[in-house]
Amino acid sequence: MGSAAIASSSSPLINKNDLRLSSFSSSSQSIKIPKRRGSREIVAVMAPPQSRPPSTTGSVKTGMTMTEKILARASERSQLNPGENVWVNVDILMTHDVCGPGTIGIFKKEFGENAKVWDREKIVIIPDHYIFTSDERANRNVDTLREFCMEQNIKYFYDIKDLGNFKANPDYKGVCHVALAQEGHCRPGEVLLGTDSHTCNAGAFGQFATGVGNTDAGFVMGAGKLLLKVPPTLRFVMDGEMPNGLLAKDLILQIIGEITVSGATYKSMEFVGSTVESLTMEERMTLCNMVVEAGGKNGVIPADNTTFQYLEDKTSVGFEPVYSDGQARFLSEYRFDVSKMEPLVAKPHSPDNRALARECKDVKIDRVYIGSCTGGKTEDFFAAARVFLASGKKVKVPTFLVPATQKVWMDIYSLPVPESGGKTCSQIFEEAGCDVPASPSCGACLGGPRDTYARMNEPQVCVSTTNRNFPGRMGHKEGQIYLASPYTAAASALTGFVTDPREFLQ
Ligand code: SF4
């Protein structure tokens, strides 16, 4: 859910191309990276310059980035430049129980009480935020969505009626961003807008995906298009093998730590490189999910065979991926040697307050939370289970598990964890003494009503796989949240302190 970027006093990573548009060249350039205050050991991740040809289809001669090309096609233009304002045709509009009622209100006010939405098959409505609560206003929001979807005959409404048993609601999914992917609404080359800042998650599929406010969404609901300013693109080249104990969460915490929470404000963030290519779709989602924590307009990863295989059984809708041209203009380029990276956390109270997990080993914690669109996917729980399995120990602090969606919940209970002798995540979690996996939803990621499962109602210290650690984010304004990967979260649960997962993973 949305929140404004926080200003930071940290020095952003500076690139020689920064602050001006320059034609990108694949030839090697020496890039000097000044040290960021308080990150002595982390700057070593910058890789030696390499000569890498940018991804390209070779079929377009206009020298545009992926984001520019997607927006050009969606606005029926042959050429676009950053800073231009264009009317963009929208492929999918998503809204949820928090912003949906407001969006619907604006749509009715501006288009008329009896107006019809622009396309009943291109609007996806997903109750997910404040679901398992007795809060009447929250429940009423879901009722409002239901009434509207019936009135408009909306094709994709993932409803929940029986709050006592989510499994009695086969249509119910859970967290919108993960549900969008699992239900085949994320497709390369398309434009997806959502009334939630982490809509950028879907950039993992090589599409333009960004969060919009209720007013814009209400307009899209009626018109199917939106006036958008074309963002310039920052390019992040990540090469090298992922070291033991590292996950995509560490990669994005590394980047945000470098460029700060305002370093990509209204910019596209394109991720390429051998490391990115090696990531699964769920890990790519983790990377794109948090671009908004750097102020990014969208994140994007070129679609490849991993993308196409993921989509194979999820959508029958045709799509056409696009790729950055060889002469595309990037505002700046950042290179990382991932093989030199170590597990990270973002300390309270900002996602760019980066530190090595091992530097925080004296931070005593009260609880661990594994969940959300960032860290509550099937592979996130597999990662946590791997740490618990490797240790053979029990957790020392309450450990809350909130699957993002109903499918993730089922995976936890049914899929065998590799090299576990056939055990499921749920068995491993039970043996480790974790709380029973909760009903899928946003849960306590953004606090929610007071009766929300695992909400921080006390000023505690939490290691969390979520994406924001602003004061009050998970419930209590004096709570302290350390953002971390599922590996680091599980390792921390086992010791009761912020812990580098390599202590358990050999
Ligand atoms: S899980 Fe958290 S970040 Fe993701 S959509 Fe829900 S509230 Fe927002």
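What do the square roots of 5 times the Cα gyration tensor eigenvalues come to for the range 210-308, in whole Å, largest first, as semi-axes of the equivalent ellipsoid?
Equivalent ellipsoid semi-axes, largest first: 27, 16, 12 Å.
Given a Förster distance of 30 angstrom, what is the FRET efficiency for THR62 paired with ASP304, based on the Cβ-Cβ distance and rounded to 0.05?
Taking R0 as 30 Å, the efficiency between THR62 and ASP304 is 0.85.
Greater than 28 Å separation of Cα atoms is the criterion. Which listed pairs, LYS229/LYS340; LYS122/LYS249; LYS155/LYS229; LYS249/LYS394, meet it?
LYS229/LYS340; LYS122/LYS249; LYS155/LYS229
Return the inverse of the average 1/r over all pairs of distinct C-alpha atoms in the chain, which is the Kirkwood hydrodynamic radius, in Å to one decimal.
After inverting the mean inverse Cα-Cα distance, the result is 22.8 Å.
Using amide H atoms built in the peptide plane, which far-off residues or other-chain residues are under 5 Å from VAL461 H to H?
It is ASP366, ARG367, GLN480, by chain and number.
Can you compute log10 of I(q)/I(0) for the range 63-155 with the Debye formula, treating each Cα as one identical point scatterer, at q = 0.18 Å⁻¹?
Debye output, listed in q order: -0.86.
Mind sorting SER339, SER78, SER439, SER372 by how few other Cβ atoms lie within 10 Å of their own Cβ, fewest first?
SER78, SER339, SER439, SER372
Once the range 89-234 is represented by equal point scatterers at the alpha-carbon sites, with solvent omitted, what log10 I(q)/I(0) does the Debye formula produce at q = 0.09, 0.11, 0.12 Å⁻¹?
Summing over Cα pairs of the range 89-234 leads to -0.26, -0.38, -0.46.
In the range 385-448, which trypsin sites (Lys or Arg not before Pro) fall in coil by DSSP and have 13 or fewer other Cβ atoms within 10 Å?
Listed in order of number, the matching sites are LYS394.
Roughly what would the spin-label model give for ARG77 and ASN457, points 7 Å off Cα along C-beta, in nm?
That separation, rounded to one decimal, is 5.2 nm.
Tell me the label-point distance for the pair ARG450, LYS161, using the 7 Å Cα-to-Cβ offset, in nm and rounded to one decimal.
About 3.2 nm separates the two model spin labels.
By count of other Cβ within 10 Å, fewest leading, how are SER426, SER441 ordered?
Ranking SER426, SER441 by Cβ neighbours within 10 Å, fewest first, gives SER426, SER441.
To make sure I understand the rule: partners must be aspartates and glutamates, Cα under 15 Å from the Cα of LYS364, and not fewer than 8 residues away in the same chain. Which ones qualify?
LYS364 reaches ASP500.
Contact order normalised by length for the range 384-506, with contacts defined as Cα pairs under 8 Å and 6 or more residues apart; what percent is it?
Across the range 384-506, relative contact order equals 27 percent.
Put +1 on the Cβ of every Lys and Arg and -1 on every Asp and Glu Cβ in the chain; which of MET474, CYS186, SER441 then has its Cα farthest towards the positive end of the dipole?
MET474
Give the long-range amide H neighbours of SER332: residues separated by 5 or more places, or on another chain, with amide H under 5 Å away, using H modelled in the peptide plane at 1.01 Å from N.
It is ARG235, by chain and number.
Suppose only helical runs count, i.e. DSSP H with n ≥ 4. What mean residue ellipticity at 222 nm does that imply for the chain under -39500 (n - 2.57) per run, divided by all residues and rounded to the nearest 500 deg cm²/dmol?
Per the formula, -7500 deg cm²/dmol.
Projected area of the range 345-503, taken from the Cα convex hull and averaged over every viewing direction, in nm²?
7.9
Could you tell me how far the Cα centroid of the range 243-266 sits from the Cα centroid of the range 390-437, in Å?
So the separation of the two Cα centres works out to 27 Å.
Taking Cα pairs under 8 Å and at least six residues apart, what relative contact order does the chain come out at, in percent?
So the answer I get is 19 percent.
For the range 127-156 and the range 63-98, what is the separation of their Cα centres, given in Å?
29
Taken together, the values in this text are just the output of simple stated rules run on the coordinates, not laboratory data. This is a predicted model, so every value here is computed, not measured. Quick reminder, even Gly has a Cβ in these numbers, built from the backbone with ideal geometry, and neighbours come from all protein chains shown.
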